[in-house]
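Participant: Here it is, the structure in full.
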């Protein structure tokens, strides 16, 4: 072993075991915090946990569960476990009493095994219960028993229905027992931030990159679509997301990528005439905000056709899924997508085209 390799190995081990030590320490610290909090509860008041830590589209899709759990436990103290980068999606939810910003799954394992929570609703399964630094996967026994995993989950319904089943809140092939329309809880600060952007009166929001490459549509076709929209329609085009991969020349295009928080982005989408994007987090914001959506989709893994949405998008009341069954999103041609977008913009009639 060379000295460089030796240093790399022990540097990796140092950071790994420092991380694991911190996770255990934070888990015991959190247990003590909740133990003291629970001691101050009135007699019979329960401490309830809801676990959905990522991704932000999944958290939005799962929001109706917060209201349903509140209906089951009206007097409980309900805590939602979430990754710190997504906490704003939970902070303002009136059905939730407290946001727990999870350091990693090992911290959660340490905390929950101490038994301080009276009920835990896990909206996750093994494949999204993972800490790469600890190299730990956490099982959800309910999901395991029902056969819900990364290869099967869309066989069990939309995301809301899947998460409800992993928490044992829903029997397979039954409707969600509460209001299934996701909601967002925007604050005055989010509205003020978007006011300051001085957006045009009429605009379309586009989102062109997901966090999973197989869901994406090539950048050169997005460039074509944006420039075609700018030429043929009076709308301005606003791009949102983490970063842009477009090279658009039209003056009717504006790039807001990386400039806004999740809820600020949601306010921009809410003000748009249309949302055109992928099966990704911002499309769930559009669903929750009530903006008419044109969603580019394709086959995903073992799912040739699927519907991730509940609420109005799930019922296709104000959304069209632009797809060809069995084909990935990347194989949708520009002309096919352009035709679907034109039909939606010009007629307002949302009919899914599943032709091959």
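Participant: First measure r as the distance between the Cβ atoms of residue 172 and residue 316, then evaluate 1/(1 + (r/R0)^6) with R0 = 22 Å and state the FRET efficiency to the nearest 0.05.
Facilitator: 0.45
Participant: Relative contact order (percent) for the range 3-166, with alpha-carbon contacts under 8 angstrom and 6 or more residues of separation?
Facilitator: Computed value for the range 3-166: 25 percent relative contact order.
Participant: Classify the range 3-166 as rounded, prolate or oblate, taking a ≥ b ≥ c as the square roots of the eigenvalues of its Cα gyration tensor: rounded when a/c is under 1.5, otherwise prolate if a/b is larger than b/c and oblate if not.
Facilitator: Cα axes put the range 3-166 in the oblate bin.
Participant: To make sure I understand, if each residue's beta carbon is the centre and we count other beta carbons within 10 Å, what order do 185, 212 fall in, fewest to most?
Facilitator: So the residues, fewest neighbours to most, are 212, 185.
Participant: For residue 196 paired with residue 67, estimate the spin-label separation in nm (one decimal), with each label point 7 Å from Cα along the Cα-to-Cβ line.
Facilitator: 3.1 nm
Participant: If one takes the longest principal axis of the Cα atoms in the chain, at what angle in degrees, from 0 to 90 and to the nearest 10, does the Cα axis of helix 3-39 lie?
Facilitator: With both axes taken from Cα atoms, the answer is about 70 degrees.
Participant: Here is a follow-up. To the nearest 10 degrees, how steep is helix 219-232 against the longest Cα principal axis of the chain, on a 0 to 90 scale?
Facilitator: So the inclination is approximately 50 degrees.
Participant: Can you sort 244, 66 by how many other beta carbons sit within 10 Å, fewest first?
Facilitator: Exposure proxy ranking, most exposed first: 244, 66.
Participant: Which option, [x] 19.2; [y] 21.2; [z] 16.8, is the value of mean projected area of the Cα convex hull in nm² that was calculated from these coordinates?
Facilitator: The calculated read-out lines up with [y].
Participant: Oh, and also: Using the alpha-carbon centroid of each, what span in Å lies between the range 36-69 and the range 141-159?
Facilitator: The distance from the Cα centre of the range 36-69 to that of the range 141-159 comes to 21 Å.
Participant: Could you give the length gained on full extension between residue 37 and residue 334, defined as 0.36 nm per residue of separation minus the Cα-Cα distance, in nm?
Facilitator: 101.3 nm
Participant: Here's a follow-up. Run lengths n ≥ 4 of DSSP H only: what is the helix-derived mean residue ellipticity at 222 nm for the chain, with -39500 (n - 2.57) per run over all residues, to the nearest 500?
Facilitator: Dividing the helical sum by the residues of the chain leaves -12000 deg cm²/dmol.
Participant: A further question follows. What percent does the relative contact order of the range 189-347 come to when contacts are Cα pairs within less than 8 Å and at least six residues apart?
Facilitator: 23 percent
Participant: Take peptides 296-306, 139-149 and line them up by average Cβ neighbours within 10 Å, highest first, as a rough protection proxy.
Facilitator: 296-306, 139-149
Participant: Moving on to the next point. Calculate, for residue 152 and residue 242, the FRET efficiency according to 1/(1 + (r/R0)^6) with r their C-beta to C-beta distance and R0 41 Å; round to the nearest 0.05.
Facilitator: Given R0 = 41 Å and the Cβ-Cβ separation, E is 0.90.
Participant: What FRET efficiency would be calculated for the residue pair residue 231, residue 16, taking the C-beta separation as r and a Förster radius of 45 Å, to the nearest 0.05?
Facilitator: 0.25
Participant: If you don't mind, another one. Using alpha carbons only, how many degrees (0 to 90, rounded to 10) separate the axis of helix 56-72 from the longest principal axis of the chain?
Facilitator: Result, in degrees: 60.
Participant: While we're on this one: Give the distance, in whole Å, between the Cα centre of the range 178-193 and the Cα centre of the range 80-104.
Facilitator: Spelled out, the Cα-based centre of one part sits 14 Å from the other.
Participant: Something else now. Taking the beta-carbon count within 10 Å as an exposure proxy, list 24, 77, 151 from fewest neighbours to most.
Facilitator: 151, 24, 77
Participant: What percent does the relative contact order of the range 105-150 come to when contacts are Cα pairs within less than 8 Å and at least six residues apart?
Facilitator: 38 percent
Any read-out appearing in this document is the output of simple, stated calculations on the displayed coordinates, not a laboratory observation. Given the structure is predicted, the values throughout are model-derived calculations rather than measurements. Using ideal geometry, Cβ is built from the backbone for each residue, glycine included, and neighbour counts are taken over all protein chains shown.
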